[in-house]
1. Using beta carbons and a limit of 9 Å, which pairs, at least six apart or on different chains, have the first residue in segment 45-58 and closer than 16 Å to SER1 by Cβ and the second one open to solvent by 50 Å² or more (accessible area, probe 1.4 Å)?
2. Taking into account only those residues within segment 1-41 that are within 15 Å of the chain's Cα centre (by Cα) and in contact (Cβ under 8 Å) with a residue 12 or more places away in the chain, which is surrounded by the most Cβ atoms within 10 Å (Cβ to Cβ)?
3. Say whether the condition of being in a helix (DSSP H, G or I) and surrounded by 10 or more Cβ atoms within 10 Å (Cβ to Cβ) is met by at least one residue in segment 55-62.
4. Does LYS21 satisfy being over 30 Å from VAL82 (Cβ atoms), at pLDDT 90 or above and out of contact with any helix residue (DSSP H, G or I) (no Cβ under 9 Å at 6 or more places or on another chain)?
5. Within segment 42-91, track down each residue that is at pLDDT 80 or above, over 18 Å from the mean Cα position of the chain (by Cα) and among the polar types (S, T, N, Q).
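The values are calculated or read from the model by the stated rules, or taken from the named source; none is laboratory data. Bear in mind the structure is a predicted one, so any value in this text is a computation, not a measurement. When we count neighbours, we look across all protein chains shown, and the Cβ atoms used for this are built from the backbone with ideal geometry, even at glycine. With ligands, DNA and RNA removed, areas are computed over all heavy atoms of the protein, side chains included. Shrake-Rupley method; radii C 1.70, N 1.55, O 1.52, S 1.80 Å.
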Amino acid sequence: SIASADMDLNQLEAFLTAQTKKQGGITADQAAVIAKFWKNHRTNIHESLINQSCWDNVLKNMNWRVDLKSQMRHIDQINTPVAIVEMEVGKNGQ
């Protein structure tokens, strides 16, 4: 729960306090150890969860534009928007 919510220190304290008050929950000493571990390893845990949730291919870059036709054989086709999208996909971590 702590990692999936990426809790800040205030949220962590409130969560652990609730867990200590819950019947069958954790002790105050266990809460202190969990809090210390989370404070020291929060960034690494968060990055690991992100890496595990990414698929093989990721979006590396995207360019787009909208063109309007200014000359056409038929008047009703003028100013018809055309979207051009270029996406660069690559392997995760490369």
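1. LEU49/SER4
2. Among residues in segment 1-41 that are within 15 Å of the chain's Cα centre (by Cα) and in contact (Cβ under 8 Å) with a residue 12 or more places away in the chain, the one surrounded by the most Cβ atoms within 10 Å (Cβ to Cβ) is MET7.
3. Within segment 55-62 (the criterion being in a helix (DSSP H, G or I) and surrounded by 10 or more Cβ atoms within 10 Å (Cβ to Cβ)), the answer is no, since none of the residues qualifies.
4. Here the answer is yes, as LYS21 does meet what is asked.
5. ASN63
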